[in-house]
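A.B. asks: Sharing a structure here in C-alpha cells format.
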Amino acid sequence: MRDRLKLNFLTLVTATFALGAAATGFAQSAPAAAPAASIPTPSTAAPLPDVNKPALVSPVAASGVRQFGSLPRVKAIARSADFIVAVVNSESVTNNEVTARFLKMQQESIERGGAQPTPGELRKQALDALVEERVLVTYARDNGVKVDDAEVDRAIGNIASSNKMTPEQLRDRLRQQGVDYGTFRAGIRDQITIERIREREVVSHIHVTDAEITDYIAKMHGDHTSAQNINIAQILVTVPEKATPEVEAQRKARAEQALARVRNGEPFDQVAREVSEDSNHAKGGEMGSRPVDKYPDLFSQAVANVKVGGTTDLVRSGAGFHILKVLSRGEESGLTVIQTHVRHIVLRPSAQLSIDAVERRILDFRQQIASGAKSFEEVARQYSEDGSAQAGGDLGWSSPGSFVPEFEEAMDKLPISGLSGPVRSRFGVHLVQVLDRRETVVDPKQLREQATNALKEQKFDPAYAEWVAELRAKAFIEYRDPPV
C-alpha cells in the first residue's frame with residue numbers, strides 16, 4: 001500500500017491477449033462484467049478497515065482495478081498502425097487498446113448471454129473504461145502510493161501457479177511472446193496500487209455522524225447498549241413492613257440525621273459504614289458502576305439531575321429511606337460480544353487471473369491444508385496478497401462488524417479450526433479459518449469504532465462512484481478523431 005506508477009495498458013493488454021492464445025489456462029470463464037457506466041456491488045477489516053482487517057464499482061472498480069475478469073478466448077489480433085484516441089492528464093489511450101478491451105468485453109457479454117449491446121455501444125464502454133483507468137492511474141501516481149516488491153512477487157506467483165507454471169517459466173513464456181517482463185511487472189504493481197488508493201481515499205471521505213453510530217448500535221445490539229454507566233452509593237435506613245407511624249418517624253429521623261452529617265461535610269462512605277443497613281455498607285455504600293437502566297427506576301429518576309459528587313434528598317422506597325450519591329457517570333456501557341480469532345489467505349483477480357481461476361486456486365489451497373500437505377501459515381506467507389501474509393494470514397481477535405459482510409458471514413458459520421470455501425469480497429477471494437472464539441466485553445470506544453467501520457462499509461459503493469466522478473471532472477480528458 002505505498003507509491004509508484006507507470007502503466008502501459010496497451011502493452012499489458014496486448015501481452016495478456018497473446019498469452020491467452022498461447023498459454024493453456026489463461027483463457028478462463030469470467031463473471032458478468034459491469035457496463036462502463038455502472039457501479040457493481042462489491043470484503044478485511046477490516047478490515048478490512050485496513051486490509052489487515054478484512055475490513056470491495058465503474059468498469060475499473062468492477063475489477064478493483066484488478067478484477068478485469070477473464071481474458072477473451074480470441075486469437076491475438078493483428079494490429080495496423082496505431083494512433084491515440086484520447087489523452088488523460090499525462091497518459092494516452094490508443095486505438096489498439098480500445099480494440100483489445102472491446103474484444104474482451106464482447107466475449108464476456110456473449111458468455112453471459114441475454115441481450116447484447118451493439119458494437120458501437122460496447123466500443124464506447126471500452127473507451128470509457130480505459131479513460132477511467134487513466135484517471136485513477138495518474139491520481140495514484142500523484143499521491144504517492146507504494147506497493148512493495150514482495151506483494152508484486154506474490155501476485156505474479158499466483159498467476160504462474162494458476163497456469164501450472166513457475167514464475168521463471170511464466171517469464172520465459174512472456175519473452176517468447178515478445179512481452180517485456182518489466183512492463184508486465186509494472187502493470188501488476190499499478191493494478192495493486194490503484195486498489196490501495198481506492199481504499200484509502202474513498203474510506204477517508206465517508207462521513208458518519210454520531211447519531212448514525214448511536215442508532216446503528218441500538219439496532220444491532222439492543223437499546224440497552226446506549227444506556228449510560230453510573231456508579232451510585234447509598235445510605236439505607238430500613239423501615240419494617242407494616243411499621244407504625246411512630247416507628248416510621250423514628251427511622252426517618254435517623255435518615256435525616258445521616259443526610260445532615262453528609263451535607264455538613266462528613267465523608268459519605270464513613271457515614272454509610274456507620275449508619276447504612278444495606279449489604280454494601282462495608283464498601284461505603286457503593287453499589288458499583290452499571291448502566292443507569294440497571295438500577296431501579298426510583299434510583300434512576302432520583303439521580304437524573306444530580307451531578308457527580310452530589311447527593312439526593314431522602315428517597316422513600318418499600319425498603320425504607322435512601323440517601324443516594326452519584327460517584328461517577330461514564331460513557332455508554334460496553335457490550336458482551338463473541339470475538340473471533342481468524343486468519344485468511346486472499347488472492348485478487350486480475351487481467352491475468354480470472355475470478356473463477358482464483359476460486360479454483362483457493363480450493364486447491366484448501367485441499368492442501370486440509371490434507372496436511374502444507375500448513376495454513378506456509379501457504380499464506382507464500383501466496384496471500386495482503387498485509388497479513390507475513391503473519392501467516394493471522395488477523396487477530398475481532399469483534400462483530402470488524403470485517404466486510406461477506407467475510408464475516410462466512411467466518412461466523414465456521415466451527416473452530418474450520419476452513420471455508422472460496423469467499424468473495426471486494427478485496428478478492430478469501431480462504432478463511434477460525435482459530436478460536438471467546439466472550440468478552442467491548443468497551444464503548446471500541447463499540448463505536450466498529451459501528452463506524454460498518455457504516456462506512458455500507459456507504460462505500462456510492463462514495464466510490466462519487467469519488468471517481470469528481471476525479472474525472474477534475475482530469476484533463478481530450479478525445480481525438482482517427483487520422484484521415
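The values are calculated or read from the model by the stated rules, or taken from the named source; none is laboratory data. In this text, all values refer to a predicted model and were calculated from it rather than measured experimentally. Ideal geometry is used to build each Cβ from the backbone, glycine not excepted, and the neighbour counts take in all protein chains shown. With ligands, DNA and RNA removed, areas are computed over all heavy atoms of the protein, side chains included. Shrake-Rupley method; radii C 1.70, N 1.55, O 1.52, S 1.80 Å.
A.B. asks: Can you work out the FRET efficiency for the pair Q270 and A218, with r the C-beta to C-beta distance and R0 = 41 Å, to the nearest 0.05?
C.D. replies: E between Q270 and A218, to the nearest 0.05, is 0.50.
A.B. asks: Right, next: What relative contact order, as a whole-number percentage, does region 158-279 give when Cα pairs under 8 Å and 6 or more residues apart are counted?
C.D. replies: 17
A.B. asks: On to the next question. Past 30 Å, Cα to Cα, is the threshold; run K146/K456; K219/K413; K294/K459 against it and keep the listed order.
C.D. replies: Going by Cα-Cα distance, K294/K459 fall outside the 30 Å limit.
A.B. asks: Expressed in nm to one decimal, what extension gain is obtained for the pair A249 and E111 from 0.36 nm per residue of sequence separation less their Cα-Cα distance?
C.D. replies: 40.7 nm
A.B. asks: Further question: Once label points are set 7 Å from the Cα along Cα→Cβ at both Q458 and Y181, what is their separation, rounded to one decimal in nm?
C.D. replies: Result: 5.0 nm between the two label points.
A.B. asks: Just the ratio, please: alpha-carbon radius of gyration of region 317-437 over 2.2 N^0.38 Å, N its number of residues.
C.D. replies: 1.55
A.B. asks: Quick one: accessible area per residue over region 97-165, 1.4 Å probe, rounded to a whole number of Å²?
C.D. replies: Result: 38 Å² of accessible area for each residue.
A.B. asks: Along the Cα-to-C-beta direction of T440, a point sits 7 Å from the Cα; which residues of region 368-408 have their amide N less than 12 Å from that point?
C.D. replies: Flagged as within label range: 396-400.
A.B. asks: Starting with the highest mean, order 107-119, 137-149 by the number of other Cβ atoms within 10 Å, averaged over the residues of each peptide.
C.D. replies: 137-149, 107-119
A.B. asks: Taking the alpha-carbon set of region 372-484, what are its Rg and Dmax in Å?
C.D. replies: Over region 372-484's Cα set, Rg and Dmax evaluate to 19.9, 72 Å.
A.B. asks: Taking a temperature of 10 °C and a viscosity of 1.306 mPa s, what whole-number D in µm²/s does Stokes-Einstein yield for region 149-240 with Rh from Kirkwood over alpha carbon pairs?
C.D. replies: My calculation gives 84 µm²/s for D.
A.B. asks: So if we plug the beta-carbon distance of R472 and S375 into 1/(1 + (r/R0)^6) with R0 = 41 Å, what FRET efficiency do we get, rounded to 0.05?
C.D. replies: Approximately 0.35, to the nearest 0.05.
A.B. asks: Sticking with this one: Amide H to amide H, which residues 5 or more places from I230 or on other chains are under 5 Å from it, using H placed in the peptide plane?
C.D. replies: R290, V292, G330
A.B. asks: Could you work out, for region 194-291, what percent of all Cα-Cα pairs fall into each 10 Å distance bin, beginning at 0 Å and stopping at the bin that holds the largest distance?
C.D. replies: 13, 23, 19, 15, 13, 8, 6, 2, 0
A.B. asks: Hey, another quick one. Could you name the aspartates and glutamates whose alpha carbon sits less than 15 Å from that of K325, not counting residues in the same chain fewer than 8 places away?
C.D. replies: Partners found: E256, E266, D269, D278, E286, D313.
A.B. asks: Accessible area per residue for region 369-478 in Å², computed with a 1.4 Å probe and the full protein assembly in place, what is it?
C.D. replies: For region 369-478, the per-residue accessible area is 45 Å².
A.B. asks: Can you give the FRET efficiency to the nearest 0.05 for Y479 and A81, using r as the Cβ-Cβ distance and R₀ = 25 Å?
C.D. replies: 0.85
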